[in-house]
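The values are calculated or read from the model by the stated rules, or taken from the named source; none is laboratory data. In this text the structure is predicted, and so the values were computed from the model without any measurement. Note: ideal-geometry Cβ built from the backbone for every residue, glycine included; neighbour counts use all protein chains shown.
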Amino acid sequence: MDFALARTEVEIPAFHEWRVETSRTGVLNIKLESGTAEIFGTELTSNINYTFKESMKFAISTYHGCKISYTTTSPLDLEYISEETILKQILNLHLSIEKNNISNNNSNSRILIIGPKDSGKTSLARTLSSYSLKTSNSKPILINLNPQLSHFTMPSQLTACELYDSLDIETTTFGETMSTGPGTGLYRSQIPLVKNYGLESFTENLELYKCLINELSIEIDNKLSISNLKGNIIIDTPAFNVSNAKIIQHIINSFKINIILVVGNERLLVDLRKKLTLNDKVHMIKMPRSSGCIEKEPKYQRELQQKSIKQYFYGSNRCQLNPYTLHCFTTDFLFLKPKELDSSNMELMDFMNGDADDDDNDDDDYDPFAGNDNDNSKKKLERNWKYNNMFQIVDDPQETDLMNVIVSIIDDKDLDIKKLLSSNDIDEKEKLSIINKHVTMSSVLGFCYVSGFTSSTKKLKLLVPTPVTTLPGKVLVLTQMRYHE
Amino acid sequence: MSATTITAEQFADDYYSSLQALTFNSRPIIESHTALAQENSQFASAIVSAIERRIEKAIPSQKLFALYLLDSISKNIGVPYTTLFSHNLFKTFTQTYGLVDDPTRCRLIKLFKTWKVPTAITGLPLFDINQLDKIETFLIKVTNPSNNDFSNANNVNSINNNSLNNNTINNNSNDLNIDNNNNNNNNNIINNLSTQRAPLIASKPNLIIEVNELILMVNTRLQASPNDEKGQQRFKLLNQLKTIIGSNSSISQTQLDEVAKQLQSIRDDEIMKLNNLKLQQQKELLKQQQQKQHKDVPFSVSQLQNFMNMGTNGNNSGNGNGMPTNNNNNNVLFNMMNSVMANNKPESLVVKSPPSMNTPPPSTNPLGLKNIAFLENILKKSANGNNATTNNSINTSINNFTNSINNKIDFKFIKPTKESILEDFVLSQSFINNHVLTSNEISLLYNFKPIQCDKCNKRFSDNNEGTILKKNHDEWHQRVEQRMKIGGSGLGGVVNRSWYLNEKDWIEFDYDLDEKETNNNINNNNVNNSHLYNNNVSAMNNNNSSNNLTKLKDGNVIAHTSLKITSNGTNDKKDREDRNDNKIDLSEAPKHIVRIPESSNNEVICKICREMQIGIFDEDEGEWIWKNAIDINGTVYHWSCWMEAKMRNNKRDRSPQR
Ligand SMILES: [Zn+2]
Ligand SMILES: [Zn+2]
């Protein structure tokens, strides 16, 4: 009888937050009525009606107090105001980092966030990135090293993104990337650098994971070396624990980390202090876990991943996209697949990666404040990786390899893949090594989804984001990700 | 070194060579050389020549420090040095100005301003008035934005004349391009005048000069807003401070330094207040302008500050109202301030200003100020904000905040620079756990970039750089809205995700540069120059460029779809017949199609907006086409872009500057 949805008002006192979980089917519409408010650091404005759908879980927090109003098409799964927030600590942290930058001749900070699963690492990374945009003139670079997450892209990838705008709070991918259309109309499109890992857990191929981290850090250094205003680097990570000290050390050395934030676990901080070799200028700070952190059930995690894959092809609410179907043949491409190495046993992994770790130790006397990037990248440019342990070639892929698989398209314009494969001068092992080196040094141009395969004709039906007659690369990596339309 | 046994020439040589040490801003060196000059005033002309020589010969980055020495000697000793320096002052100053970088220029201008303030002893400016006037004329000329106004309708004349008409607007937006960097820099200089000051040597005379200047600033403000109690109190306090510093009692250097610091924050505060006035004004004018459907931001901080500083430093100490002599400027400033102040509801002031802000604690007797420590205390209080209300008195805090948002006046003015607000911050565990945030600190999140986009949440600084970014941002919104209207990329709503940039392009990608280039491109591209396009397009067609620069520009697609009504070309002979077509009917766009030739690639770059046009299959006709496209001599553009450019072409006869 009453078609207009009732508008509910919520007053949030200063330093409190309103925690919300929308229902699976409902549409929540929020408007800021007065005061200041933010979601993970992204400031809300009263000029926009924000829409949240499909089990979004978030909190609106405020430093001044605010009033919001909302409508929802079905009751919220959860909704309460909490006074147990870590707003104070986060802003103290952020402003201290700014101060530290000023004291270091207006340099930038390189921040690594470590913590257990669901401790709020991503929220912290988002908030610090958004605050950087608000209180400095430089653009922060947000890096995701957790292949389970889908910052700006699909899961199974590692990304770096220089932020121009605040992060989009309505999508789980933090924003849309460029399209042929006007985008969301609210934010400029994000321009991520995407590196193909292809697996969901960093432990499944540590050599590849570490190599990609190193490549990312080189690209970041190159980017920073040509920008006048160097923004903070903020790195989100998977749930590392103390047994991952070596990989953490590798990240610290590669990115020349000067601030390590350990979220929600005092013990981890103490243990890491013992295990890590740190320059005395590296700050290690413990951040509390917010009581608002929710445990992400594996099922919810899956849903988020599926959502981000769907978003890649079809866009989001504010930016609807049209994918196309491309027909081609498997013989047009070189298919690769990341090796899945069983590494639940970390000691074994450490043993297997012994050489690479020795290389790391050479880096220990590196001083992140010595400044001169060139010297260090020279060192990193000696790529002594075990390239045979990363991707394997999938000759003549079959239906089980292909169906419903998400495929990464690798930029291969510097590599004549046909020529390489047909060469008689290079043995197979060497070829694989060259290919792997190339793939790890290149970035991902996009993804397609295998929606059909006929094994007799090797005919492939691909869902592609843009209407092309050929894909922009001939090297395709079959990721662990599956998608069902 | 005994003065009696050496000649002036020898002394000057020694003096000159010891000046080689003045490679950085060193108070000890400047003080010792000032003392030397004082003790050896019989060699005054030789010393003056030595210093002038040093200023001339030093590398540009070090010239300033020699000028500081000139300043120190003149202010601390006076005659005969002031007279001697006066001879070549114009030459010394302007030659230096011509060779140094912008930050140094700012400091030079600041330095110059202190010279114009009458000295306590003579009541006259430090140096010969004719020389100073010449320098002032020079500075006005080189820093005057109206010479080549770059982004806003913010030159004095245009406002005086109320010339907010199409001509002005078009010109100004046209001017936003790289060629105008120099002008931007000049504007920046003015803008930075008040914040980037040469470090003040905290001597008694210098402090008095500073206090005088601040008194004039406050006074000027009070002229516009006589009921501002806090302003009155500050005025009183500063006068008391002047008396104390001017008295014979000795004040330790530490205390003087401390006072200097406090004065700096009062200065910053005064400047902030002006910014706030200006902000309000800007908003208002913007509103007016939007009603008139104009797009440019009308008035800039730098303008006002320029007024303000010229006014307070200028020849006004006699009448004490601190206003510029130019009557027109005078009126503009007053009108502006009055209109702003009229909107400033008194109760909001009470609510927003923490009680201790400018007011001495009620228990103290301001007239009884005798010792400097007490004074420091008061000054400190006047510069520090209150702690944030972190209690749950939600209504109060919401109301307070709403008020401050609505009025946007005092909100950010307490301790203005980020550096000063963060002075006590430490990156340490205990600080992060325990520090209680003050309202100043929290407001950094909002006031470091106080200008917020109406359409999204993006924030911008209130300096020139921020104004430019905001302008680019606004244009981006306009383009996006336009595109939302025509539906996607003009393809009837069909929008696709683009490929990601490869690592090389990603490394090189720069949002701001990208904007700038696009603006230039849109402005400079002459659509008649079709051979250029043909070249470019064939380069693009020479495909597998999908990952190179094409891709990079694809990144702009969202931002850069044409429909910008500006141009600065000179060729406007043709196409007059379309003159009355002020609007393109964008709903027509999808009807304009170009069949894709067999030989051609499916993708082609529209060289006007630089967006990729992607072919689609037309089921009805059974062929591949580009929608919203037009083929001009073999070059394919978006139809909407082409029409737009054509229209623009006809409009470009009103650019008096070019
Ligand atoms: Zn905006
Ligand atoms: Zn176009």
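From A:Asn222, A:Asn196, grab the single residue that is surrounded by fewer than 24 Cβ atoms within 10 Å (Cβ to Cβ) and not hydrophobic (A, V, I, L, M, F, W, C).
Result: A:Asn222 is the single residue among A:Asn222, A:Asn196 that is surrounded by fewer than 24 Cβ atoms within 10 Å (Cβ to Cβ) and not hydrophobic (A, V, I, L, M, F, W, C).
Have a look at B:Ser600, B:Ser562 and point out the one that is hydroxyl-bearing (Ser, Thr, Tyr) and modelled with pLDDT under 70.
B:Ser562
Restricting to the range A:403-455, and then to whatever is crowded, with 16+ Cβ neighbours inside 10 Å and of a type in the set (Asp, Glu), can you tell me which residue is nearest to the other protein chains (Cβ to nearest Cβ)?
A:Asp411
Given the structure, is A:Thr45 surrounded by fewer than 22 Cβ atoms within 10 Å (Cβ to Cβ), at pLDDT below 90 and closer than 28 Å to B:Lys418 by Cα?
yes
Given the conditions (1) surrounded by 15 or more Cβ atoms within 10 Å (Cβ to Cβ); (2) not in a helix (DSSP H, G or I); (3) not hydroxyl-bearing (Ser, Thr, Tyr), which single one is not true for B:Phe24?
Only one criterion is unmet by B:Phe24, namely (1).
Given the conditions (1) among the basic types (Lys, Arg); (2) within 11 Å of chain B (Cβ to nearest Cβ); (3) closer than 15 Å to A:Gly292 by Cβ, which single one is not true for A:Lys121?
The number of the failed condition is (2).
Name the single residue, out of those in the range B:426-460 being more than 7 Å from chain A (Cβ to nearest Cβ) and of a type in the set (Ser, Thr, Tyr), that is nearest to the chain's Cα centre (by Cα).
Checking each candidate, the answer is B:Ser443.
Which pairs turn up if I take residues in the range B:440-468 that are more than 14 Å from B:Thr417 (Cβ to Cβ) and within 15 Å of ligand 1 (Cβ to nearest atom) and look for partners that are in a helix (DSSP H, G or I) and among the charged types (D, E, K, R) with beta carbon separation below 7 Å, at least 6 apart in sequence or on another chain?
Within 7 Å, the pairs are B:Ile451/B:Lys470; B:Arg459/A:Lys134; B:Phe460/B:Lys470.
With respect to the numbered conditions (1) at pLDDT 90 or above; (2) assigned to a loop (DSSP other than H, G, I, E, B), which one is the sole condition not fulfilled by A:Val262?
Here A:Val262 meets the rest and fails (2).
Using the structure shown, decide if A:Glu9 is part of a strand (DSSP E or B) and either touching a Phe, Trp or Tyr at 6+ places or on another chain (Cβ under 9 Å) or surrounded by 17 or more Cβ atoms within 10 Å (Cβ to Cβ) (or both).
On the way: part of a strand (DSSP E or B): yes; either touching a Phe, Trp or Tyr at 6+ places or on another chain (Cβ under 9 Å) or surrounded by 17 or more Cβ atoms within 10 Å (Cβ to Cβ) (or both): yes.
Yes, satisfied.
Which of the residues belonging to the range B:591-629 are within 14 Å of ligand 2 (Cβ to nearest atom) and either among the small types (Gly, Ala, Ser) or away from every other protein chain (no Cβ under 14 Å) (or both)? Before you say what the answer is, go through the steps one by one.
If we filter the range B:591-629 for residues that are within 14 Å of ligand 2 (Cβ to nearest atom), which is where we start, we get B:592, B:594, B:603-614, B:626-629.
Listed by number, the residues that qualify are B:His592, B:Val594, B:Lys607, B:Ile608, B:Ala629.
Would you please name the residue that is farthest from the other protein chains (Cβ to nearest Cβ), looking only at residues in the range A:124-138 that are part of a helix (DSSP H, G or I) and small (Gly, Ala, Ser)?
Only one residue tops the list, namely A:Ala125.
Quickly run through the range A:162-210 and pick out the residues that are over 18 Å from A:Ser443 (Cα atoms), of a type in the set (A, V, I, L, M, F, W, C) and assigned to a loop (DSSP other than H, G, I, E, B).
Answer for the range A:162-210, where residues must be over 18 Å from A:Ser443 (Cα atoms), of a type in the set (A, V, I, L, M, F, W, C) and assigned to a loop (DSSP other than H, G, I, E, B): A:Leu163, A:Leu167, A:Ile169, A:Phe174, A:Leu186.
Would you pick out the residues in the range A:269-317 that are more than 28 Å from A:Leu78 (Cα to Cα) and in contact (Cβ under 8 Å) with a residue 40 or more places away in the chain?
Those that are more than 28 Å from A:Leu78 (Cα to Cα) and in contact (Cβ under 8 Å) with a residue 40 or more places away in the chain: A:Leu272, A:Thr277, A:Asn279, A:Lys281, A:Val282, A:His283, A:Ile285, A:Tyr312, A:Phe313.
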